[in-house]
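Trainee: Take this structure first; my questions come after.
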Amino acid sequence: MKLELHNVFCCYDGYPPVLKDVNFSVSSGEICCLLGPNGVGKTTLFKTILKLIKKQHGEILIDGENIDHWSPGKMAKHMAYVSQFHVPPFPYKVRDVVLLGRINSISYFGQPTDLDYRIAEEAMVDMGIDHLHDKAYTDISGGERQLVMLARALAQEPNFLILDEPTANLDYGNMIRVMSKIRHLKDKGIGVIMTTHSPDHAFMCQSTVVMLQKDEPLLFGSCTDVITEKNLKDAYGISVKLVEFFDHKGRLMRMCSPIID
Amino acid sequence: MQTGHDVINKSSLHIFRAEERHRTRRLLVISIAAFVLLFAFSMCLRTSQVDLISPVVAMQNLFTWLKLVVAKWLDLPLYLESEAIISKLPFYFETVARFKISVITVVSGMMLALAGALYQGVFRNPIAAPTMLGVASGIELGILVMVLKYANAAYSMTAKRYRYCYSFALVILLIVMLTGKIASRGKKFAVTDMLLVGAAISQIINVLISYYRFEMEDELLIVFQEISSGIYINIQTISFIILGVAFIVSVIPIHLLRYSFNAVCFSDDDAFTMGINPRIIRFIALICGTIMITAAMVHCGNVGMISLIVPHICRYLFGSDFKKIYYASGIFGGMLLLACRDISGLFYFGYSGVLPIGSIVSMIAAPIFVIVLLQQRKGWE
C-alpha cells in the first residue's frame with residue numbers, strides 16, 4: 001500500500017492556499033514525521049488528506065487510485081485519524097470508545113458483533129490498555145487517553161494511521177511509551193503519518209521526514225537527510241547541534257540539542 | 001499504564017462483557033417491573049376527584065372495557081349488552097379514562113426522554129434541550145390563537161386544535177431554521193447558530209404570549225392555562241392515532257440507528273474518519289427529536305423538563321452507550337411522567353384544585369437534576 005500526494009495545494013474555503021505544491025509518499029510499514037513551525041499548516045494538510053476540507057489542486061492517491069470520490073466508509077477502511085483534542089462530554093467506558101473504531105464495518109443500521117468485540121479487545125491488548133477497559137474515558141490520564149485513541153484507530157484496521165501530535169501534552173515517560181507503541185504499529189505493517197514538534201521523534205522511529213517551511217518548498221527524505229543543523233535553523237530559526245552516539249547495543253543514535261546563547 | 005500482573009487476558013474480558021450484559025438486562029427487567037407496578041397503581045386513581053378505588057375493581061373495569069372493545073370490532077352479541085354490563089360496574093368510565101390518560105402520558109414521557117437523549121448526544125452538550133428550537137413556544141402560540149379565536153369551544157375542537165398546534169410548531173421551527181441558516185451565512189450550516197436563534201425567537205414569542213395573557217379575560221385565561229399546562233387532556237380516538245403515528249414515525253429511525261449515534265460523541269472529524277457521516281446522523285436526530293417533542297407537548301402539556309433529566313438518570317444507571325440510553329430512557333421517561341401525572345391526581349392543590357403536571361415535573365425534576373449534575377460533574381471536567 002502506498003499513499004502519494006502529487007502537487008497538492010491546501011487551503012480553507014475561500015482563503016489563499018496555506019501549503020503549495022506538496023509532494024510526498026508513505027508506504028505501509030513506514031513512519032513519516034511532519035515537522036514544521038506552528039501555524040505552517042500541518043493540521044490543514046492532514047485534514048486535506050482525510051478529505052475533511054477540500055483541496056484546491058493536485059491529487060491524492062492510494063495504490064495509484066485517486067481518493068477524490070471515495071465515500072467516508074471506503075476512506076475509513078484505509079485511513080484512521082487520531083486528532084489532537086478529543087474528550088467526549090459523556091463518561092464513555094474505555095472499551096466502548098475502542099469499540100467505536102469498528103463502526104465503519106458495523107455501519108449505520110448494524111449492531112456490534114462478536115467479531116467486532118474481539119477485534120476491539122485485541123486492539124486494547126495490543127496497546128497495553130486492557131486493564132483500563134472498565135474505566136471512564138474521562139477519568140484516565142492524558143497518556144492513557146492517547147493509547148485508547150490509538151487502540152480505537154487500530155480497531156478500525158486501517159492501512160494508514162494519521163496522528164496529529166500524538167505526544168502533545170504528555171509527560172516524558174508517557175511520551176516514550178506512546179512512541180514505542182507507534183513503532184509497534186509500524187512493525188505491524190501500518191503506514192503512520194504523524195506531526196510532531198520534536199525532531200528527536202523522527203530519529204527515534206527511523207522515519208522519513210516531511211519538513212514544512214513558511215513560503216519555501218517542503219523537504220522530503222529520510223530523517224538523516226532532512227534533519228540537519230542548517231534545515232532546522234531555516235525552519236525554526238534556532239541553532240541546533242546534532243549529536244551522534246552509540247547505544248548499549250552498538251547502534252548509531254542521533255539527537256538534537258538546541259544551543260541557547 | 002503499568003502492564004504486567006494486572007493485565008487481563010482476552011477470555012476474561014469476554015466474561016466481563018457477558019457479565020455486563022447480564023447486569024444491564026437485570027436492571028432493565030427491574031425497571032420494567034417498577035413501571036408495570038406504577039401503571040397498575042395509576043389505574044386505581046379516580047379522574048373526577050381525589051380518591052383511590054380498589055385494584056380489583058379497577059382491573060375488572062379494564063377487562064370489561066377490553067372485552068367490549070373486542071366485541072365491538074368483531075361484532076359479537078356481547079356488545080349489545082354493553083350498557084347493562086357497564087351499569088353494574090362502579091367507576092367504569094373513570095377507570096377507562098384513567099387508562100387512556102395514562103397511556104398518553106407514558107407515550108409522551110417516552111418520546112420526551114428519547115428526544116432529550118438524542119439532542120444531548122448529537123450536540124455533545126449535556127444540557128441541550130429539544131425545546132430549544134422553538135417548538136414549545138410554537139405550540140403555546142397555537143393554543144393562544146385557538147383560545148382567542150374560539151374561546152370555550154377550544155376544549156371540544158380536538159382535530160382543529162391539533163392542526164393549530166402542529167402547524168404553529170412547524171412554522172416556528174421553519175422560521176428558526178431559516179434564520180439560523182441566514183445567520184450562519186458563509187460558513188457551513190452551524191447548529192449552534194440555529195440553537196441561539198431558536199432561543200431568541202422563543203423569547204420573542206413568550207413576550208407576545210405573556211402580553212396576551214395579561215390582557216385576556218379570566219375565563220379565557222383558564223381555558224388557555226388548562227390546555228397549555230396539560231390539565232385537560234384529550235382522550236378521543238384521534239389523539240391516539242396522531243400520537244401513535246408520531247411515535248412510530250420518529251422511533252423507527254432511532255431504533256435502527258441506535259448504535260450509530262455513539263459515533264458523533266467525539267467530534268465531527270472523528271465521525272467522518274471513522275466512516276460515519278455525522279451530518280446525516282444529526283439531521284435524523286433533529287427531525288425525529290423535534291417530532292417527538294412536538295407530539296409529546298401537544299398531547300401532554302408543557303412538560304419539557306423530562307427531556308433534560310431522564311437521559312442523565314439513565315446515563316448514571318446504565319452508562320453512556322447510546323444503545324442502552326435508548327432503551328432505558330424510554331422506560332424511565334414514561335415512568336417519571338406517569339408518576340408526575342399520578343401525583344397531580346393524588347392531591348388537592350390551590351384554588352382550582354389541580355396542580356398542572358408541568359409544575360410537578362419541574363418540582364420533581366429540579367432536585368434530581370442537581371443531584372445528577374453533581375454526580376456527573378467529575379466526568380465532564
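Trainee: Can you tell me which residue among A:44, A:48 is without any contact (Cβ under 8 Å) to a residue 40 or more places away in the chain and hydroxyl-bearing (Ser, Thr, Tyr)? Can you show your working first?
Mentor: Working: A:48 fails: without any contact (Cβ under 8 Å) to a residue 40 or more places away in the chain.
Criteria check complete, one pass: A:44.
Trainee: Within the range A:113-123, track down each residue that is within 8 Å of chain B (Cβ to nearest Cβ) and open to solvent by less than 20 Å² (accessible area, probe 1.4 Å).
Mentor: Result: A:121, single match.
Trainee: Sort through B:86, B:104, B:32 and tell me the only one that's in contact with a helix residue (DSSP H, G or I) (Cβ under 7 Å, 6 or more places away or on another chain), modelled with pLDDT of 90 or more and surrounded by fewer than 16 Cβ atoms within 10 Å (Cβ to Cβ).
Mentor: After applying the criteria, what remains is B:32.
Trainee: Give me the pairs, please: first residue somewhere in the range B:48-73 and over 14 Å from residue B:96 (Cβ atoms), second residue anywhere and open to solvent by less than 50 Å² (accessible area, probe 1.4 Å) and in a loop (DSSP other than H, G, I, E, B), beta-carbon distance under 6 Å, and either six or more positions apart or on two chains.
Mentor: B:52/B:44; B:55/B:44
Trainee: I'd like the full set of residues that are open to solvent by 50 Å² or more (accessible area, probe 1.4 Å) and under 24 Å from the mean Cα position of the chain (by Cα), limited to the range B:200-221.
Mentor: B:200, B:203, B:206, listed by residue number.
Trainee: Looking at (1) closer than 16 Å to residue B:265 by Cβ; (2) within 11 Å of chain B (Cβ to nearest Cβ); (3) over 18 Å from the mean Cα position of the chain (by Cα), which is the only condition residue A:94 fails?
Mentor: With (1) closer than 16 Å to residue B:265 by Cβ; (2) within 11 Å of chain B (Cβ to nearest Cβ); (3) over 18 Å from the mean Cα position of the chain (by Cα) applied to residue A:94, the lone miss is (2).
Trainee: With A:132, A:99, A:150 as the choices, which residue is away from every other protein chain (no Cβ under 11 Å), aliphatic (A, V, I, L, M) and buried (at least 18 other Cβ atoms within 10 Å of the Cβ)?
Mentor: Among A:132, A:99, A:150, only A:150 is away from every other protein chain (no Cβ under 11 Å), aliphatic (A, V, I, L, M) and buried (at least 18 other Cβ atoms within 10 Å of the Cβ).
Residue-by-condition table, conditions (1) crowded, with 21+ Cβ neighbours inside 10 Å; (2) away from chain B (no Cβ under 14 Å); (3) within 19 Å of the chain's Cα centre (by Cα); (4) at pLDDT 90 or above:
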{"site": "A:14", "(1), (2), (3), (4)": "no, no, no, no"}
{"site": "A:24", "(1), (2), (3), (4)": "no, yes, yes, yes"}
{"site": "A:38", "(1), (2), (3), (4)": "no, yes, yes, no"}
{"site": "A:55", "(1), (2), (3), (4)": "yes, yes, no, no"}
{"site": "A:77", "(1), (2), (3), (4)": "no, no, yes, yes"}
{"site": "A:81", "(1), (2), (3), (4)": "yes, no, yes, yes"}
{"site": "A:104", "(1), (2), (3), (4)": "yes, no, no, yes"}
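The values are calculated or read from the model by the stated rules, or taken from the named source; none is laboratory data. Keep in mind that what you see is a predicted model, and the values were worked out from it rather than measured. When we count neighbours, we look across all protein chains shown, and the Cβ atoms used for this are built from the backbone with ideal geometry, even at glycine. Just the protein is used for accessible areas: all its heavy atoms, side chains included, with ligands, DNA and RNA removed. Shrake-Rupley method; radii C 1.70, N 1.55, O 1.52, S 1.80 Å.
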